[in-house]
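Here the structure is laid out as structure tokens; the discussion comes afterwards.
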Amino acid sequence: MSTPRVAVVVGNPKPRSRTLEAAQLLADAIRADRRDDGPALVVDLADWGARLHDWSDTGVAALVAQVAAADLVVVASPTYNASYTGLLKVFLDRFAAGSITGVTVPLMLGAGEAHALAAQYTLAPLLAQISSTGPAKALFVRDARHDDPAAHADWLAANGADVRARIAARVAARATTTDTSHPTLENRTEIPA
């Protein structure tokens, strides 16, 4: 059986941010029983900067194809003015409706509980548009707890089994069919930084 492929997409304008750390922690927790899958594709959009605005950039196009083909895509952003960042929106605008075929998990960080609804009411609807399977329930984490596994515990207890089952069904389906509509991560070309 094929192994799940994981992508972590972070729309924080600050490179190597707390948002990135929280997203990687969540992706690792979701695939806790599948550590042998190898490292996740980590897309820290702060590193891509102005290239995201160049629609002819082949590196960004390859990155989009890899994210679209992943079995699990954790999409994370800090909360800016009750929503996700413009940086994340610029990247996600490259995806056609239904083009992300894996399970998407919206994750947002914020300073306080006043921002708690932003993930479910701003990021999740966008992911519903570009995901062929619909996103998992969104998760909000307070900035101060970005590196605390307990911050994800309730979400994992309520949603982890469903997300893992959706990933497993996708992997099983891929193992029995040949899908040529998306490039595979196994056959990807290196993305210039």
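None of the figures in this text is laboratory data; all of them are computed from the coordinates on show. What you see is a predicted model, and the numbers here were worked out from it, not measured in a lab. Cβ sites come from the backbone with ideal geometry, for glycine too, and all protein chains shown count toward neighbours.
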When ranked by the protection proxy of mean other Cβ atoms within 10 Å per residue, highest first, what sequence do the peptides 161-167, 99-105 form?
99-105, 161-167
Listed with the fewest Cβ neighbours within 10 Å leading, Phe140, Phe95 appear as Phe95, Phe140
When ranked by the protection proxy of mean other Cβ atoms within 10 Å per residue, highest first, what sequence do the peptides 116-129, 55-68 form?
116-129, 55-68
Expressed to one decimal in nm², the mean projection of the alpha carbon convex hull of segment 43-182 is 8.8 nm²
So how strong a dipole does segment 6-182 carry about its Cα centre when Lys and Arg Cβ are +1 and Asp and Glu Cβ are -1, to the nearest 20 debye?
180 debye
Kindly provide the helix-only [θ] at 222 nm of the chain, computed as the sum of -39,500 (n - 2.57) over DSSP H runs of four or more divided by all residues, to the nearest 500 deg cm²/dmol?
-9500 deg cm²/dmol
